[in-house]
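Take a look at the structure set out below.
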Amino acid sequence: MKILSFDIEEWYIEKMFRGGEQWKYDAYDSMLGRLLDTLDAHGQRGTFFCLGALVEHFPDVVKRIAARGHEIGCHSLAHKWINKQTPAEFRDETMRAVSLLRDAIGQPVESFRAPAFSIGESNKWAFDILDECGIRNDASIFPGARDFGGFPSFPDGGKPCRVSHDGHVINEFPITLGELPLVGKKIAYSGGGYFRLLPLGFVKSTMRKSDYTMCYFHIADLVDFKSKMMTAEEFERYFKQPGTLKNRLLRYAKSNVGRKRAFRGLDSLLGEFRFMTVAEAAAQSGTFGEISV
């Protein structure tokens, strides 16, 4: 089982946090078109987790993706970390986001991914709220430690499962972790910054050995321009963490490394592996183990 997913947020982030430069909107539009054409050329479909706020600010982005036959999932309303929200805030915003996306595409929206994989030990109540909002499939769990989230104690070893919490049950498709040779550290090799950093041969060989892989990408992973370093104010407003020079330099490096070769790497994966959407993977949920968290 190999799942292809994309987190779609850049247009909104640019407008709200980065200055709203038209040339960046144009670059994102162009990359989205190139990506959709490439997926068509390979006969592949994926799940695109979109912000609900895109429907209000950039509705054509969501409609273009849906028109090409891809699954539209929810990536929150406005890219707020769930571990920085109250249950009431998360419920209200998720209901609104799901409603906006559903009305925009005329189809149910049943898959979800939290910004920054921000469902963890401290906010397992999020599973209950997702169920209440009509979400059947979640792809938010990062089964290890990370900067802005992570769930190191997640008990099923990073495999698809059915998560039960307070009487609510939801399909879970965690991020895949692979082990670096010699170092022994487990990393999320199949998407984001590590995909841009690691040799493509390592990514492919690790995928071949695994029965389950969740690949995840952002448009910003694929465009070949560099993002500028954020000011302290911009960093703190977006990440809700101290905008120290060290934090901003690390984020700048993580955001820009390997961009020039990322699209070629994705195209190569599409030529070698057959992928499915989250919804298609969920059709096999009868074979998943159930765990309580």
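The values are calculated or read from the model by the stated rules, or taken from the named source; none is laboratory data. What you are looking at is a predicted structure, and each value in this text was computed from that prediction instead of being measured. All Cβ positions, even for glycine, are placed from backbone atoms using ideal geometry, and neighbour counts span all protein chains on display. For the accessible areas, the whole protein counts, side chains as well, though only heavy atoms, and no ligand, DNA or RNA atoms are used. Shrake-Rupley method; radii C 1.70, N 1.55, O 1.52, S 1.80 Å.
Values for this structure:
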{"quantity": "Residues located in segment 83-121, provided they are of a type in the set (A, V, I, L, M) and more than 18 Å from GLU132 (Cβ to Cβ)", "calculated": "ALA104, ILE105, ALA116"}
{"quantity": "Close pairs from segment 158-178: first more than 22 Å from PHE195 (Cβ to Cβ), partner assigned to a loop (DSSP other than H, G, I, E, B) and modelled with pLDDT under 95, Cβ under 6 Å, at least 6 apart", "calculated": "CYS161/PHE288; ARG162/PHE288; VAL163/VAL293; HIS165/LYS124; HIS165/VAL293"}
{"quantity": "Flag if ARG34 is within 18 Å of the chain's Cα centre (by Cα), open to solvent by 50 Å² or more (accessible area, probe 1.4 Å), on the phi < 0 side of the Ramachandran plot and of a type outside the set (A, V, I, L, M)", "calculated": "no"}
{"quantity": "Options GLY158, GLY134, GLY144: the member that is in contact with a helix residue (DSSP H, G or I) (Cβ under 9 Å, 6 or more places away or on another chain) and either open to solvent by less than 30 Å² (accessible area, probe 1.4 Å) or among the aliphatic types (A, V, I, L, M) (or both)", "calculated": "GLY134"}
{"quantity": "Residue satisfying condition, being modelled with pLDDT of 95 or more, open to solvent by 40 Å² or more (accessible area, probe 1.4 Å) and among the β-branched types (Val, Ile, Thr), within set THR47, THR86, THR94", "calculated": "THR86"}
{"quantity": "Residue within segment 104-120 that is free of Cβ contacts under 8 Å to residues at least 24 places away in the same chain, open to solvent by 20 Å² or more (accessible area, probe 1.4 Å) and either out of contact with any Leu (no Cβ under 8 Å at 6 or more places or on another chain) or farther than 24 Å from GLU56 by Cα (or both) present", "calculated": "yes"}
{"quantity": "Matching option when the condition is over 25 Å from GLN44 (Cα atoms) and assigned to a loop (DSSP other than H, G, I, E, B), among ALA97, ALA126, ALA78", "calculated": "ALA78"}
{"quantity": "Residue check for THR244: β-branched (Val, Ile, Thr) and modelled with pLDDT of 85 or more", "calculated": "no"}
{"quantity": "Wholly enclosed helices (runs of 4 or more DSSP H) of segment 18-69 bearing at least 3 residues under 14 Å from LEU222 (Cα atoms)", "calculated": "22-42"}
{"quantity": "Tally of residues being touching a Phe, Trp or Tyr at 6+ places or on another chain (Cβ under 9 Å) and open to solvent by 10 Å² or more (accessible area, probe 1.4 Å) across segment 57-66", "calculated": "3"}
{"quantity": "Hits in segment 27-71 (condition: acidic (Asp, Glu) and free of Cβ contacts under 8 Å to residues at least 60 places away in the same chain)", "calculated": "ASP29, ASP37, ASP40, GLU56, ASP60"}
{"quantity": "Leading residue by the ranking (surrounded by the most Cβ atoms within 10 Å (Cβ to Cβ)) among those in segment 185-209 that are without any contact (Cβ under 8 Å) to a residue 12 or more places away in the chain and part of a loop (DSSP other than H, G, I, E, B)", "calculated": "LEU198"}
{"quantity": "Filtered residue count, segment 174-184, keeping only those that are open to solvent by 30 Å² or more (accessible area, probe 1.4 Å) and either closer than 18 Å to ILE141 by Cβ or not hydrophobic (A, V, I, L, M, F, W, C) (or both)", "calculated": "4"}
